[in-house]
Structure formats: structure tokens, C-alpha cells
1. Kindly give Rg over Rh for the chain, based on alpha-carbon atoms, with the Kirkwood expression for the hydrodynamic radius.
2. Treating the stretch 22-147 as a set of equal point scatterers at the Cα positions, no solvent, please give the Debye-formula log₁₀ I(q)/I(0) at q = 0.11, 0.20 Å⁻¹.
3. Taking 0.36 nm per residue of sequence separation and subtracting the Cα-Cα distance, how much length would be gained by fully extending the chain between Ile78 and Arg53, in nm to one decimal?
4. For labels at Glu161 and Ser30 in the simple 7 Å Cα→Cβ model, what's the distance in nm?
5. What would the Debye formula give as log10 I(q)/I(0) at q = 0.20 Å⁻¹ for the alpha-carbon point model of the stretch 162-263, no solvent?
6. When the Cα centres of the stretch 155-234 and the stretch 11-50 are compared, how far apart do they sit, in Å?
7. As a check on your grasp of the helix formula, calculate [θ] at 222 nm for the chain: sum -39500 (n - 2.57) over DSSP H runs of n ≥ 4, divide by the residue count, round to the nearest 500.
8. Which whole-number percent gives the relative contact order of the stretch 3-82, counting Cα pairs below 8 Å spaced six or more residues apart?
Amino acid sequence: MDLRRFLTLKTVVEEGSFVRASQKLCCTQSTVTFHIQQLEQELSVQLFEKIGRRMCLTEKGKQLMPHVHELTRVISSIRQVAQEDAEPGGELRVAIGETLLAYKMPEVLQRFKAKAPQVRLSLQSLNCYLIRDALLDDAVDLGVFYRVGNDTALNMQTIGEQQLMLVASPQLQNVDFTQPDQHIPLSFVINEPQCIFRQIFESELRKRRITLENTIELWSIESIKQCVSANLGISFLPRFAVERELASGELVELPFSQPSLKITALCAHHAGKVVSPAMRAFMECVAECNPPA
């Protein structure tokens, strides 16, 4: 069997169409169609069916995809072993949590650009659970995120514990969250439900039987901080993300937990993945910018 046909199949599934797959593979659409037809003949199965205007995997095609992913991963590993001592090059796919990307990664990215100028860096900002899933699915090479479990399928490089803190505008500095069994008529300003800060804070409120007026969901940490500064509610964020606002007096810390609650930041990759020169260079940059305390 021609391994290129399996790569074509994987690309069609990832890109969602034959046209986009041909663009990703730098070939014609007819070449993509030919590869899929040849693969279907060799395997004696139909891989795609047309539903409306979309080409969708058949049930048999869906059953084959885990094996296709494993095959392409092995091919990638063979290439990486052969190039282990080479200069970093090729594409590096990295997914990073938003707060880490905005406040902890700029120096890392600058160092990496200087150390590995030939690498095509692909960056995504995702929540921690999606980053973990992307690593397990080999959709990204590296993830920089907060620990959301003890997943044995990942190799994890700890890059430090991060303190979490409850913040508000100075007008709300006398609000007391340390007393249980109360309703506080304020909004909680935070991002989507899978946000690890939100989950920790809401868990603590449930333990204390504290309720709030409502939750305002925003996608941007900067937007969250602006709303809190404007006295629209309170938020629960890593200290490093609000240090500037605390120093300027735009925000104040509200007492919440002693000792302070913390989360662990990680740089991780799939345990079965061969570490490429580009991956190694990126992890070195992360370690250099986040030395042990």
C-alpha cells in the first residue's frame, strides 16, 4: 500500500473537504480524489459518502481512522529519529492556555524564534481540557497549560505553581467571601465553563454555600479585567495576570483562602511521541524562562 494515500485520507478528514486537503498537500484536487479511490479499491471499502453537499466518513471509514492516525504517527517518529541531531526545522504545533500565552509565553517565543529560525511555528489558544485532548489525539506536538488530571499518556514538564486570587474594583474591597452561608449580590466575571479558574472558584463557593447574583462569560482575560475594574463584578485569576492592575490600584485582592489556592502550569507532549529537535528547542526555551523556584 502507498503510505501517501493514508496521509491524504488523514488530511481530508482534518481539513473537511477534498479541496482544502489538496491545498494543504500542495497538489490538485484530482490527485486527492485519485488517492482516495485507490485506497478504497485496495481496502475494498467505501471511505466517504456524500450527504447533501458534504463528503462524510462512512462507518467503516470511522473505524479505520484510529489506525490511520497510529500509522502516520509511526511514520513521523521514524522521520524524527532520523533527524534527531539535525537543526530544528519543519512545523511545530503548540497549543497554549490563554493566560499563559498572553503573560508567560512572549519571552519564550522570542527565544525560540532566535534559537530555531527555520521552524514554522503554529500556535493555538485553547482551554486546558482541549489542549490535553489535542495532545492525546496527536493534533498538536506540545501543550502549555494547567494540570487538569494525572494523565499517564503525557510526559509533563512542570513550569511552576501559579497562585490564584480573587480580585475586584477598590469599591468592593470590603466584600467578605470568607464567611459561609450567604448570598452575595455580585456578578462573577470569567470565561467559559471549562475554565480551570472558574471550576476551582465555583467548587469553593459550593463548599461554603455561597451564591452570587449571576455569571458574566467573556472570552478575553483583558475584557474580564476591564469589566472588573469598571465595578461590574469580581473575578478569580492567576496573580501574574493581574499584577499590573494590582500595582496601579485598578484592582484589589479580596481575602478568599489561606493558604492561597494554586494551580500547576505544564509543558507536555504525548508519551509515545519522539521528541523532535524543534520540540526539544521549545521545551528548553520554556525551562530557561521559568527556572525552578
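1. 1.07
2. With one equal scatterer per Cα and no solvent, log10 I(q)/I(0) is -0.58, -1.24.
3. Full extension of this stretch gives 5.2 nm more.
4. Output for this residue pair reads 6.4 nm.
5. -1.02
6. A separation of 47 Å, based on Cα centres.
7. Rounded to the nearest 500, the figure is -13500 deg cm²/dmol.
8. Rounded, it is 26 percent for the stretch 3-82.
Quick note: the coordinates plus some simple rules give every number you see, no bench work behind them. Quick caveat: nothing in here was measured; it's all calculated off a predicted structure. Quick reminder, even Gly has a Cβ in these numbers, built from the backbone with ideal geometry, and neighbours come from all protein chains shown.
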